[in-house]
Amino acid sequence: MYFSTSKKRILSFEYFISKKVLKNEVQGKKVSRPIVRISIISIALAVVVNLITIAVVTGFQHEVREKVSGFGSHIFIMSSGENSIYESEPILKNQAFFSTLKKDGELENIQYVAYKPVLFQSNKKNRQFKLQSGDDTSYVQQEIQGAILKGIDNNYDLSFFKQHIKFGRLPKFSKDTYSNEIIVSKRIARDLNLEIGEEIKAFFVKNQPVKRIFKLVGIYETGLEEFDKKMTIGDIRIVQELNDWGIKASIIIADTLSNGELIVKADVIGGNGNYRFDWGKGYEQYSGFTICPIKDTVIRLIVSDYWMKISGENEQTSIPDTAYLKIKIKGTGYSACDFKTNNDKELIRDYLNDDGTKYSITASNKTLMFEQFIGKGSSSNYVSGFEISVKNWNRLPETVNRLKKQLELIPTKNNESLSVKSIIDTQSDIFVWLEFLDLNVVIILTLMILIGIINMGSALLVLILVRTNFIGIMKAMGASNWSIRKIFLIQAAFLIMKGMFYGNLIGLSLCFLQHFFGLISLNPEVYYLSKVPVELSFISWSILNIVTLIVCLSALIIPSVVITRISPTKAIRFN
């Protein structure tokens, strides 16, 4: 008999018959041909839509995640109890965990940063914004704009900003002196009418407003408008100083006298405001004393802060700063306390340099020469926190939990309490929004596959209907119901794969065009990006095609049950 029980021969027989029958169906029958074509088109459309959906959502999530991480990091270590990384309390730069975390295989990079809010003032020139790009679009010029100055040093990884620099260059930071070079976004430069090489006026809020002048050396553009409009990059030492972190001390001579003697005072900024002073005999609360110098001398001052105990024991205190005042006496005579004053009883000083750190005061027949050595300050020892990049994004929650166990609730040597923040926590609004996109993907994929299943089910039923005589003859010749069902399922598989081929061809082509030419643009103020991103990995593409084929074929097993209901005698007479 022709129908062997061998599985290999049955499979060959079923494959051969289904291929021949399908060819006749597609090319011949007027009833089945349009149905078959519609089913192929529906499968192709489902694949196109699903491919584009996965590519766009994956690309969107990856692009936004990478850009948000580029402005900061995957993990941020900061002082506990703070909500904003931009206005957090400082922590010490030299932490014991720094060297330990560098050896962690899951961490790619760890570096410290400092933040300071700033107000930039626009140039008053009424010129049209071009930025050497030919963009002469009219705009409304702003007078001032708020932003964040992110302080970094020359060891910071600037590869992200280097990738997005549009004009100029990255700032250069010297080890010896402060750098006034900064980079801003194209959005800020446009709004404030700035160009490369210009000086920018910046204002910072302290006890008294501070004005600084920066030089614009670079303009970047990431397309992530939410961050472009506020982030600027500059020297970390400027930010540390402007934040009044640590202690900075100097010794001054008061303008008035006390019982004819000079008043030596400590001038201190930074810290918590509750200072302790060491004039050579240990810490005490006295911020000054009187003196009538009769010989050359050098006064030394060490200043720190404290909370409850003057010793600062078991308290979080600032790193001390040291200042000096050098006094040199010129002239003769024992007494040096007959100081000359003006009508307001204020000392008359003769300044010897531009910054006022050298001056002289006359007393009788003597001249006292004063030279201030202002403390370098301990602000350079403090940062806003540490940025950490991880190697595997999918392991981020696990890495964050591990770091929390290592660092949180464990006081540092300076009694600091630390907090470990994930980028998902610090930028929760963005990542919650991105998570909703996954739900949209599931809904779209499900709907499109259902449409494909319904159309293929209809096509299969039509194929069975127009081949009723064939089914009856096959049964009469001894073919089993399952063998005949497999013939039609193989036909359906051919149709599905044909639709998938055209769907992949069209879908991948559209993704290719969007990736390289950016045909579809977006409003960055709404979508965070300037164009629709696409990203499709080979694994995602393979899974989509395999799942589509398996699900559609599995769903068609039910419609094929109709074959078991067909009687051979009635089917042969059926016309």
Legend entry - Relative contact order %, the range 297-359, counting alpha carbon pairs below 8 Å whose residues are six or more apart: 25
Inset, instruction - Using amide H atoms built 1.01 Å from N in the peptide plane, name the residues 5+ places from E108, or on other chains, whose amide H lies under 5 Å from its own. - result: S389, V390, K391
Legend entry - Rg over Rh [alpha-carbon atoms, Kirkwood Rh] for the chain: 1.26
Inset, instruction - Please name whichever of S159, I253, F470 sits farthest to the positive end of the charge dipole of the chain, dipole taken about the Cα centre and charges placed at Cβ: Lys and Arg +1, Asp and Glu -1. - result: F470
Legend entry - Whole-Hz ³J(HN,Hα) from phi, Karplus 6.51 cos²θ - 1.76 cosθ + 1.60, for the range 144-155, glycine and proline x: 9, 8, x, 7, 10, 8, 9, x, 9, 10, 6, 9
Legend entry - Inter-label distance for N392 and Y324, nm, one decimal - labels placed 7 Å from Cα along Cα-to-Cβ: 5.6
Inset, instruction - Please give the peptides 111-119, 239-247, 272-280, 428-436 ranked by average Cβ packing (other Cβ atoms within 10 Å per residue), highest first, as a rough proxy for protection. - result: 239-247, 111-119, 272-280, 428-436
Legend entry - Proximal aspartates and glutamates to K186, defined as alpha-carbon separation beneath 15 angstrom and excluding residues fewer than eight positions away on the same chain: D135, D136, E195, E198, E221, E225, E226, D228, E525
Inset, instruction - Give, in nm to one decimal, the length gained when the segment between Y351 and F516 is fully stretched (0.36 nm per residue of separation minus the Cα-Cα distance). - result: 52.8 nm
Legend entry - Taking the range 247-377 and dividing mean pair separation by its residue count, relative contact order in percent (alpha carbons under 8 Å, at least six apart): 26
Inset, instruction - Starting from the amide H of Y382, placed 1.01 Å from N in the peptide plane, find each other amide H under 5 Å away whose residue is 5 or more places distant or on another chain. - result: K93
Legend entry - By average C-beta atoms within 10 angstrom, highest first, the peptides 503-514, 282-293: 503-514, 282-293
Inset, instruction - Highest first, please rank the peptides 45-57, 308-320 by the mean number of other Cβ atoms sitting within 10 Å of their residues. - result: 45-57, 308-320
Legend entry - Å³ per residue enclosed by the Cα convex hull of the range 247-377: 112
Inset, instruction - Please check which bits of the range 232-259 a label hung off K376 would reach, taking the label as a point 7 Å along Cα-to-C-beta and the cut-off as backbone N under 19 Å. - result: 235-251
Legend entry - Among V432, P411, P533 - extreme Cα towards positive end, dipole of the chain, charges at beta-carbon: P533
Legend entry - Phi-based couplings in Hz for the range 72-87 (Karplus 6.51, -1.76, 1.60; Gly and Pro marked x): x, 5, 6, 9, 10, 9, 9, 5, 6, x, 10, 9, 9, 6, 7, 9
Inset, instruction - Name the cysteines of the chain that stand alone by the Cβ rule: no other cysteine Cβ under 4.7 angstrom. - result: C511, C552
Inset, instruction - Rounded to whole Hz and in sequence order, give me ³J(HN,Hα) for the range 411-423 from the Karplus expression 6.51 cos²θ - 1.76 cosθ + 1.60, θ = phi - 60°, writing x for Gly and Pro. - result: x, 7, 4, 9, 6, 8, 10, 9, 9, 10, 10, 7, 4
Legend entry - Value of relative contact order over the chain, rounded to a whole percent, pairs C-alpha under 8 Å and six or more apart: 22
Legend entry - Inter-label distance, nm, simple model (7 Å from Cα along the C-beta direction), L158/V562: 7.0
Legend entry - Of K265/K358; K391/K413; K162/K215; K248/K309; K175/K326, those spanning more than 24 Å from alpha-carbon to alpha-carbon: K391/K413; K175/K326
Inset, instruction - Assign unit charges at the C-beta atoms only (+1 for Lys and Arg, -1 for Asp and Glu), then state the dipole size of the chain relative to its Cα centre in Debye, rounded to the nearest 20. - result: 3920
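None of the figures in this text is laboratory data; all of them are computed from the coordinates on show. These numbers were taken from a predicted model, which means no experiment stands behind them. Methodologically, a virtual Cβ is constructed for each residue, glycine included, from the backbone with ideal geometry; neighbour enumeration extends over all protein chains shown.
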